[in-house]
Amino acid sequence: MSENQKGKLAVYWAASCGGCDINTLGIDTKILDVAAAFDIIMWPCATDGKVRDIEKLSDGEIDLCLFNGGIRTSEQEYMARLLRQKSKVLVAFGSCAIEGCIPGLANMNNRQEIFDTVYKEGSATYPENPDDLRPQHETEMPEGTLYLPVFYDTLKTLAQTVEVDYYLPGCPPEPENIWKALTAVLEGTLPPPGSVIGPNTTVCDECPRTRTEKKIKKFYRTWQIKPDPDVCLLEQGILCNGIATRAGCGALCPQVNSPCIGCHGPNDGVQDYGARMISALASVIDSEDPDEINRIISEGIPDPVGSFYRFSLAGSLLRRKKLHTSHKD
């Protein structure tokens, strides 16, 4: 972009909660600087952009696209491919786009099981839908054919769908990190393509709590113990994922006696966040007796998937629970 020329910015929201959009507004009055530097040509929760207007753009005409959310439906896949085609720089914005995040936990079930939960007898919708009608891709009406996006069996990350230039982690990314990323784009100081924008240390490095050698005999749920505010939570038997989680949040959760749950994902070079966390815990459990180790884990960590893959299941080596259907997606 030349000094006097405004760039084009697109922000899109796929399978996510909207927190990334809220934290984008969390940059406060700097949003005015963004508006001064960019023409915001699409931001569904804030502006009235139209898909057809994006389709008419030349390839690469959008200077920056912040894409948050995973790919759950055919519509989201279409928008991911369209915005990739039209954007010079595509950023996987937040944990949902990077790892699948909470929506990715639905990969423990298939489409049929998900719809059964929502629509079958006994569900919250059943009293209003006693005929158990399910969403259909095409429905013929007197006025013509109505279309709904196809709901995929598997939620995919953005990078499993299109090529991604940069990754900005967090659930959601912290406003100051969003601003740093936008500033890097404006100043031309982005790291090499494919990089995660942010530090490559761990939450433990940002955490002010005192750490010594960890020897754990028992894991506690957060409501079972009142932790010492100055001592490492993991050393007190509280499952804190800071040991395996990328820094960049300022260790906000541990500072208020809440354990890190891993929303910034892994550091560079880690292929599977859950495996990294499991490996880290294996080194601090104070036992060599298999039965005792099994007891420590089963009693203190009753939900391994939710504990180790809360944010990363869709982007992990596991990706999902094995499908028992003929669907290929």
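Positive-end ranking of 139, 92, 43 along the dipole of the chain, with charges on Cβ about the Cα centre, is headed by 92. Distances between placed amide hydrogens fall under 5 Å for residue 220 paired with 238, 239, all partners being 5 or more residues away or on another chain. Computing percent of Cα pairs over 31 Å apart directly from the structure and comparing it against [x] 41; [y] 27; [z] 37 singles out [x].
Go through 133-145, 192-204 and give me the packing order, highest mean Cβ count within 10 Å leading. Show your work: numbers first, answer last.
Details: 133-145: 9.2, 192-204: 16.0.
Most protected by this proxy first, the peptides run 192-204, 133-145.
DSSP assigns beta bridges within segment 39-178; of those with both partners inside it, close to 45 percent run antiparallel. Under the combined filter of DSSP loop state and at most 15 neighbouring Cβ atoms within 10 Å, segment 257-315 retains these GluC sites (Glu not before Pro): 288. For segment 203-308, with the dipole built from +1 on Lys and Arg beta-carbon atoms and -1 on Asp and Glu ones, taken about the Cα centre, which of 279, 305, 254 lies farthest toward the positive end? Highest projection toward the positive end goes to 254.
Look at where the Cα atoms of segment 3-80 and of segment 162-176 average out, and the two centres are 13 Å apart. In this structure the amide hydrogen of residue 231, modeled in the peptide plane, comes within under 5 Å of the amide hydrogens of 210, none closer than 5 places in sequence on its chain. Amide H contacts under 5 Å for residue 89: 64, 65, restricted to partners 5 or more places along the chain or on a different chain, H placed in the peptide plane at 1.01 Å from N.
Among residues other than residue 216 whose Cβ falls under 9 Å from its Cβ, what is the net charge (Lys/Arg +1, Asp/Glu -1)?
On the way: positive: 214, 215, 217, 218; negative: 235, 286.
The answer is +2.
Most simply put, the chain has about 30% antiparallel DSSP beta bridges, counting only bridges with both residues inside it. The value for segment 203-308 of Rg(Cα) / (2.2 N^0.38 Å) is 1.01.
Think of each Lys and Arg Cβ as +1 and each Asp and Glu Cβ as -1; about the Cα centre, that makes the dipole of the chain roughly 460 debye. Over 22 Å between Cα atoms, which of 50/86; 218/321; 88/180; 50/88; 156/180; 6/86 qualify? From the list (50/86; 218/321; 88/180; 50/88; 156/180; 6/86), the Cα-Cα distance tops 22 Å for 218/321; 156/180.
With the simple spin-label model, which puts each label point 7 Å out from Cα in the Cβ direction, the residue 195 to residue 58 separation comes to 2.8 nm.
With +1 on each Lys and Arg Cβ and -1 on each Asp and Glu Cβ, and nothing else charged, work out how big the dipole of segment 203-308 is about its Cα centre, in Debye to the nearest 20.
Values: 11 positive and 15 negative charges, 56 e Å.
Using Cβ point charges on Lys, Arg, Asp and Glu, segment 203-308 gives about 280 debye.
Any read-out appearing in this document is the output of simple, stated calculations on the displayed coordinates, not a laboratory observation. In this text the structure is predicted, and so the values were computed from the model without any measurement. Quick reminder, even Gly has a Cβ in these numbers, built from the backbone with ideal geometry, and neighbours come from all protein chains shown.
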